[in-house]
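Take a look at the structure below.
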Amino acid sequence: MLHGSSDLYGASKIFLFTAQALILQGHHVVVCLSEDGPLVKGLQSVGADVRIIRLGIVRRKYMNLAGMINRLGVLWKANSKLTTILRTETISLVYSNTAAVWIGAWISKRQKLPHYWHLHEIIQHPRWFSRFLKKLVYNYSDKILVVSRAVKDHWQVDLPSGKFELIYNGIDYEPYLHAGKSLRKELAIPENTCVIGMIARVSPWKGQQYFLEIAKELNKKFINLIFIMTGDAFPGSEYIYKEIKDKINNDNLNKFVIDLGFRTDVPDVLATMDVLVLPSILPDPFPTVILEGMAAGKPVVATAHGGAPEMLVDQKSGYLIPWDDAPEAVRIMSPLIENIILRREMGVFNKNRVLTNFSLTSFQENIASVFQKR
């Protein structure tokens, strides 16, 4: 099993639960990651054999001549180390998680092993790269797992659909089901203040700046609001922090916006919020944070593309908003600010919906069945 990062954000959490499902099924699972991190301990706790090997993960920052030369060198070294593992551990299948992991496609083809590729992305630009990647994934996979219909629709354009299999993600909801410890006292937020928050890795497309645009418009219409931002920067996106701080200062939002950075106590952060917002400006394939917010009993406001419309029921779970029109987003979501009873009703609906439609048990049973059928 190959994965591109060692954090515990969305795709990494799903990777952990996938490994756990296979181990419970009786498989010996060897996991290769490029670096140490929180994911390693989680994998070891469920019985995975974890190795640290630089896998040559392909990211946007390498989309230049020097970057591609760098990646080819790392991939060449990874090929040698992974081939040794394939032979010494008598591996019977290679599983790659996310489209950024290419080495699995190469070594499985060379060793004539089945290769399953689990896709969590919708990659639209640059177009030449999107087309290239679709052909790479299709030609070097025996099975292509996708996390939402939106992801499936994106990847199978102009390709036969036989290799694709949709499996909705599910996570362990236990930490979120029972209200966490609110951080209002720690953050000096009065109990009668409406707290609107977002939790996401800081990157150009996750919409932190759009969230601030929405905050600015909400502040024109309502008083007594606080906005919380949670998440650290994706490698290569650290510059966005300065842009965020500049925007907060320029729009006079200093008194209203609290940037928590990276937090491990996400249930507590959610317990502090009245409304969870996911303002992704590009299609978010199947946002794990929406599952977390639903389980925590929060109404969710999300941009109306990617996997969010499959997860939420508009006007029952919360609201779907445009990804490029802050005033319209504010108009749509205003009832949540005005009506505490509506917030509670939507929170109850979300908790029931996530447990019924996106349970961890269903996800692990479905993912394990894919491996049983091969």
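Quick look at the numbers
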{"quantity": "Hits in region 77-89 (condition: β-branched (Val, Ile, Thr) and surrounded by 13 or more Cβ atoms within 10 Å (Cβ to Cβ))", "calculated": "Thr83, Ile85"}
{"quantity": "Sole exception among (1) free of Cβ contacts under 8 Å to residues at least 40 places away in the same chain; (2) under 19 Å from the mean Cα position of the chain (by Cα) for Gly307, by number", "calculated": "(1)"}
{"quantity": "Enumeration of residues in region 155-165 that are exposed (fewer than 15 other Cβ atoms within 10 Å of the Cβ) and either of a type in the set (A, V, I, L, M) or touching a Pro at 6+ places or on another chain (Cβ under 9 Å) (or both)", "calculated": "Val157"}
{"quantity": "Search result, residues across region 359-374 that are assigned to a helix (DSSP H, G or I) and over 20 Å from Tyr95 (Cβ atoms)", "calculated": "Thr361"}
{"quantity": "Filter pass, Asp268 being under 25 Å from Ile341 (Cα atoms), assigned by TED's automatic domain parsing to the domain that holds Arg353, touching a Cys at 6+ places or on another chain (Cβ under 9 Å) and in contact (Cβ under 8 Å) with a residue 40 or more places away in the chain", "calculated": "no"}
{"quantity": "Failed item in (1) among the small types (Gly, Ala, Ser); (2) surrounded by 17 or more Cβ atoms within 10 Å (Cβ to Cβ); (3) more than 15 Å from Ala271 (Cβ to Cβ); (4) modelled with pLDDT under 95, with Ser182 passing the rest", "calculated": "(3)"}
{"quantity": "Hey, Ile214 under 23 Å from Ala100 (Cα atoms) and at pLDDT 90 or above or not", "calculated": "no"}
{"quantity": "Test: residue in region 337-358 that is closer than 26 Å to Leu8 by Cα and in a strand (DSSP E or B)", "calculated": "no"}
{"quantity": "Flag if Lys255 is modelled with pLDDT of 90 or more and exposed (fewer than 15 other Cβ atoms within 10 Å of the Cβ)", "calculated": "yes"}
{"quantity": "Wholly within region 125-233, helices (runs of 4 or more DSSP H) carrying at least 1 residues that are acidic (Asp, Glu), more than 25 Å from Phe17 (Cα to Cα) and assigned by TED's automatic domain parsing to the domain that holds Ile341", "calculated": "184-187, 208-221"}
{"quantity": "Qualifying residue in region 301-323 (condition: part of a loop (DSSP other than H, G, I, E, B), within 25 Å of Pro190 (Cβ to Cβ), in contact with a Leu (Cβ under 9 Å, 6 or more places away or on another chain) and aliphatic (A, V, I, L, M))", "calculated": "no"}
{"quantity": "Some residue of region 194-208 being at pLDDT 95 or above and of a type in the set (Ser, Thr, Tyr)", "calculated": "no"}
{"quantity": "Some residue of region 275-287 being under 19 Å from Ala215 (Cα atoms), buried (at least 16 other Cβ atoms within 10 Å of the Cβ) and of a type in the set (S, T, N, Q)", "calculated": "yes"}
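Residue by residue, here is whether (1) out of contact with any Ser or Thr (no Cβ under 6 Å at 6 or more places or on another chain); (2) surrounded by 15 or more Cβ atoms within 10 Å (Cβ to Cβ); (3) not in a helix (DSSP H, G or I) holds:
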site: Gln20; (1), (2), (3): yes, yes, no
site: Arg51; (1), (2), (3): yes, no, yes
site: Ala66; (1), (2), (3): yes, no, no
site: Leu72; (1), (2), (3): yes, no, no
site: Leu75; (1), (2), (3): yes, yes, no
site: Ile91; (1), (2), (3): yes, yes, yes
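The values are calculated or read from the model by the stated rules, or taken from the named source; none is laboratory data. All figures in this text were calculated on a predicted structure; none of them were measured in a lab. No Cβ is skipped: glycine too gets one built from the backbone with ideal geometry, and neighbour counts run over all protein chains shown.
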